Structure formats: structure tokens, C-alpha cells
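Below is one structure; the comments refer to it alone.
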2 protein chains.
Amino acid sequence: MKDGPDLSRIASLVGDPARANMLSALMSGAALTASELALEGGVGLPTASSHLAKLSEGGLVTVASQGRHRYYALAGSEVAAMLEAISGVAASVGPRRVRPGPRDSAMREARICYDHLAGDKGVALFDHLTQKRLLKASGQEAALTPNGRAWFADFGVDVAQLENKRRPLCRACLDWSVRRSHLAGSLGAATLEHMFALNWARREAGSRVVRFTPKGRAEFERLIRA
Amino acid sequence: MKDGPDLSRIASLVGDPARANMLSALMSGAALTASELALEGGVGLPTASSHLAKLSEGGLVTVASQGRHRYYALAGSEVAAMLEAISGVAASVGPRRVRPGPRDSAMREARICYDHLAGDKGVALFDHLTQKRLLKASGQEAALTPNGRAWFADFGVDVAQLENKRRPLCRACLDWSVRRSHLAGSLGAATLEHMFALNWARREAGSRVVRFTPKGRAEFERLIRA
DNA sequence: GTGATACTTTGATTATGATCGAATGGTGAG
DNA sequence: CTCACCATTCGATCATAATCAAAGTATCAC
């Protein structure tokens, strides 16, 4: 026994309902204050503070003090990917959630995953990119082809600028609702950003749901049919 | 809050040290009896039994009664993938494991992941396959090209027979030590099986470590250099 | 049948940690 | 400087669940 890294240490951090809810909220990619997270977690401020200290100590979240606020955020996309993986299992072996509900179906169609697009729409985009050989994916790695570079330029995303950053340009992130990959990395983030700028979609306040406008929906369809 | 599936329910199952050790042991892919798992978990038989009941109830493991033995196994590769994802985070933000130790480096080189090859060797194989366009991977999905089919036939794996099974032929599984993908699915399992049959490697008793023989190491090198 | 083995259940104990009220430490506004 | 606000720390309470001993159930060997 005691092979490999200590699973239980990390898992038990996620294993508390209050902390799990906080982490879910942080999956939106936004940095939230302790009070906001207390609300999300359904606990009092002192309790939330103690939880956040543990998460921070455990390396799952980072904290940035800004004036009298302290902003908490996920420690990285790796943590986000892990949370998606757990969500996947929870959904498949899950408690057979009785009524999916409208919020749930909206989440399945399009949502934020850390900072990029997930759900049916995210997977559809990823599929299109790989099928048209605009993107070459192997496992969690992914790389743009020359054609892909042109495609994104045409769409309006400045790939060259993104490449200067330390963060990987393309990543494949496993989607919990569809169980297939969607585009992550700085390119994934920039793409979603651009869709917001084009007014194709907007975020629903206080949730991970991304709502497409009728126009946006049509344009998106056109984009991935072309 | 209460977006998506219930993370904490699953995570808390993995969050207990005894259960985490048991699950780690099951990552070897073998089905183990309750007494063996009690040993792995470092707890008494009654305790282990209670843990196993919870894991089974939670859908993480399956149980098969055979005579007076009850064999427990991971519920599926999805659960295995989740455990690898958690391992990845645990390793990266980890408790700065002081001494990696020989066992650890052996695990990094080659180990069993559920039923296929993981570690440096597993990733090297996967890289070779995708680079030579023998395998086309996109996210967690992967598909053999015609060339790839020939390559595996040449190696000695009967692909056609594997395709009849319900289980997917190819999958990409994220490796916790290397953080890149290795080959999973029935093809991944059959490949490792064949390597054992060729005497290229054997399993170390009571652990996930796969030890390559000198001959096996050389042959493997040749295989992925060709 | 009897005894032995493999496992689960029950019940009681104990330890861990989640929770909140009250007090404390910083930060910004006036 | 003082007040208001955000957040953490402390202290005490309380609930959950991990643990094992002992008893119970089931299967196999003979």
C-alpha cells in the first residue's frame, strides 16, 4: 500500500459538501471573495474561512489579497480537470438525479469550465476542429495545424499573441456531461471571450451557465458547419 | 449552488485513507477479496467490509460472489480515470513526498493502470502511435488507422476479435506521473497482455509496478523506434 | 452431520472535524 | 482617529463516521 501520491488527502478536501459547492462555484473561473463562497457553500463566514484555509493549504485554491477582500480561485486548470472527472463519475454512477430541471439542461448545452466553453456546444466545436484537421489532438495535448491557425484568425482570435504566454495554447479537457473533449488552454479561453465580445452569448449571473442569443446560436451553427 | 452532479458524495468516498488505499490497490485491475483489501487498507476485516459496502453502494466498485469469496473490482475505467486525475493533482500540489524511493521510480517507469500500461513506457507507446499516424486521438476518444491496424497485427494482437466486445477498442487515459496520455481500452489491455505473454515484462507481486526484462526493454525500444 | 473458512452485521467506543458565537486583526471611508 | 466592513482566529458544542470485538450467516471440506 501507500503506492503513488496520497489520494485521500485531496479527495477528502473535495469530500465535504460545503467545500465541494465552493469548488463548483470556482469552476466558473472567476475569483470569488470569502463571503461569496460562504453563500455558495451554504455555511457561515467563519466556517467558510476555515474551509478555504484548508483548500488553500491543500493546494487546490489560490488566494489573492486585494484591499480588504481576499479573492479565492482554483489553483489551476489541472484542478479543474480533476473536478470535471469527479463530476463525470458522480453523474454516471450518480444518485439518479430525479428531475434534470431547466438549469441542468442549460448547463448541458453550454457552460463555463474554468475559463472556456464546455457542454454540447464546446464539444461540437472541438469535434469540428479535429474533424476538419484544424486541430490535432492526442490525449490531453492538442496542437493547431496551419489551417487551424488561419481558421482562428478568420474567426477573429489573435493566435500569435496567445503563444507568448506561458500557458499552453491548446488543451483537451474532458467534459463531464458529454464525456468527450472540449477545447481548453489559452485558445479555448480566448475563443469564448471572443464569442462574448461578438454578443453570441452571455453568462447567466451567479452560475456556470452560458446562454446563447438566437443570433449567436445561428452564427455558431454556421461556424461549425462551414 | 447545487449545480451539476454531487461532487462531495463521490469525493468523500475516496477521501478516507483506508478506502483510498483499497481503490489504489484495485487500480491494478485485478479483482481482490475482502480480506486482501483489508490488508491493503490497513484495517480489520469488519472495517474493510463496511468500507466496501459503502464503495459498492456508491457505485465505485462492483462485487462478484464466488463461493465463499467475494471479489471486489473497480466499477469501470471511468472510475479508474478519475482516480488517476486525483492522483495527478495529489502529485503536483502534493505533500512534497520526501524520498521518491525505488518503488516510486519504478511506478513512474511502468505500471498497471486498471488493465493497461501506464507510466513512461505507456506514454512513449502512445506517442509513437500518434506520431506515426497509427492512432488518431482526439480527447479521450481514439481510433486506429488502417496502418495502425496492420501495425498491431504485426505485433501480434488480434484487433478484429477485440472489436466484437462491447468495450471501446481505443481510449486515451491521462497518466498521473507523466501528465500525458497512454493507450487504454480493450486494445490497451490486449497489448499489455501480449507483452506479458512475450515475456517482455512481468508484474511485481502485490503492487502496480510492471518490471521489464532486459530483453523486453530492448524489444520495446525497437518497437517504438521502428 | 461437524468443523473450518470467508465474510457481514451488530453494537459500543472513540476520534475527527464541521459548525457557529464571540472576539480579534486589517483595510478603507469619512 | 473613528467607524464600518471583510475576514480570520478562538473556543465550545455537536454530529458523523471510523474502528474493532463479538456474534451471525454462508459456503466448502470431510
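Are any residues in the stretch A:26-52 of a type in the set (A, V, I, L, M) and either within 12 Å of DNA strand D (Cβ to nearest atom) or at the interface with chain B (Cβ under 7 Å from one of its Cβ atoms) (or both), and if so, which ones? I'd like the intermediate steps shown before the answer.
Going residue by residue through the stretch A:26-52, those that are of a type in the set (A, V, I, L, M) are A:26-27, A:30-32, A:34, A:37-39, A:43, A:45, A:48, A:52.
Answer for the stretch A:26-52, where residues must be of a type in the set (A, V, I, L, M) and either within 12 Å of DNA strand D (Cβ to nearest atom) or at the interface with chain B (Cβ under 7 Å from one of its Cβ atoms) (or both): A:Ala31, A:Leu32, A:Ala34, A:Leu37, A:Ala38, A:Leu39, A:Val43, A:Leu45, A:Ala48, A:Leu52.
Applying the selection to the stretch B:5-22, what residues are more than 7 Å from chain A (Cβ to nearest Cβ) and among the hydrophobic types (A, V, I, L, M, F, W, C)? Lay out the reasoning, then the answer.
Initial filter on the stretch B:5-22 (more than 7 Å from chain A (Cβ to nearest Cβ)): B:13, B:18-19, B:22.
If the condition is that a residue be more than 7 Å from chain A (Cβ to nearest Cβ) and among the hydrophobic types (A, V, I, L, M, F, W, C), then B:Leu13, B:Ala18, B:Met22 are the ones that fit.
Would you check which residues across the stretch A:53-77 are surrounded by fewer than 20 Cβ atoms within 10 Å (Cβ to Cβ), assigned to a helix (DSSP H, G or I) and more than 7 Å from DNA strand D (Cβ to nearest atom) and list them?
Across the stretch A:53-77, the qualifying residues are A:Lys54, A:Ser56, A:Glu57.
Go over the candidates A:Ala150, A:Ala201, A:Ala172 one by one and state the one that is aliphatic (A, V, I, L, M) and over 27 Å from B:Pro5 (Cα atoms). First the steps, then the outcome.
Values: A:Ala201 fails: over 27 Å from B:Pro5 (Cα atoms); A:Ala172 fails: over 27 Å from B:Pro5 (Cα atoms).
Every option except A:Ala150 fails the conditions.
Considering only the stretch A:112-226, give the strands (runs of 3 or more DSSP E) lying wholly within it that have at least 1 residues that are touching a Gly at 6+ places or on another chain (Cβ under 6 Å). Give the steps one after another, and end with the answer.
On the way: elements: A:116-118, A:135-138, A:141-144, A:171-174, A:181-184, A:201-203, A:210-212.
Output list reads A:116-118, A:135-138, A:171-174, A:181-184, A:201-203.
Consider the stretch B:185-208. How many of its residues are at pLDDT below 85 and crowded, with 22+ Cβ neighbours inside 10 Å?
2
Based on this model, can you work out whether A:Ala64 counts as within 18 Å of B:Ala91 (Cβ to Cβ) and more than 8 Å from DNA strand C (Cβ to nearest atom)?
Values: within 18 Å of B:Ala91 (Cβ to Cβ): no; more than 8 Å from DNA strand C (Cβ to nearest atom): yes.
Considered against the rule, which asks whether it is within 18 Å of B:Ala91 (Cβ to Cβ) and more than 8 Å from DNA strand C (Cβ to nearest atom), A:Ala64 comes out as no.
Which ones in the stretch A:1-50 are more than 10 Å from DNA strand C (Cβ to nearest atom) and part of a loop (DSSP other than H, G, I, E, B)?
A:Met1, A:Lys2, A:Asp3, A:Gly4, A:Pro5, A:Asp6, A:Met27, A:Ser28, A:Gly29, A:Ala30, A:Ala31
Quick check on this structure: which one of A:Leu83, A:Leu55 is within 11 Å of chain B (Cβ to nearest Cβ) and within 16 Å of DNA strand C (Cβ to nearest atom)?
Numbers: A:Leu83 fails: within 16 Å of DNA strand C (Cβ to nearest atom).
Of the residues listed, the single one that is within 11 Å of chain B (Cβ to nearest Cβ) and within 16 Å of DNA strand C (Cβ to nearest atom) is A:Leu55.
How many residues are more than 13 Å from DNA strand D (Cβ to nearest atom) and either of a type in the set (Asp, Glu) or in contact with a Gly (Cβ under 8 Å, 6 or more places away or on another chain) (or both) if we restrict to the stretch B:11-24?
The first filter runs over the stretch B:11-24 and keeps only residues more than 13 Å from DNA strand D (Cβ to nearest atom), leaving B:23-24.
Cutting the leftovers down to either of a type in the set (Asp, Glu) or in contact with a Gly (Cβ under 8 Å, 6 or more places away or on another chain) (or both) gives us B:24.
Residues meeting the conditions: 1.
If only one of B:Ser65, B:Ser56 is without any contact (Cβ under 8 Å) to a residue 40 or more places away in the chain and more than 21 Å from the chain's Cα centre (by Cα), which one is it? Walk me through it before giving the result.
Values: B:Ser56 fails: more than 21 Å from the chain's Cα centre (by Cα).
None of the others qualify; the one that does is B:Ser65.
The values are calculated or read from the model by the stated rules, or taken from the named source; none is laboratory data. From a predicted model like this one, the values you see are computed outputs, not experimental measurements. Every residue, glycine as well, gets a Cβ built from its backbone with ideal geometry; the counts of neighbours run over all protein chains shown.
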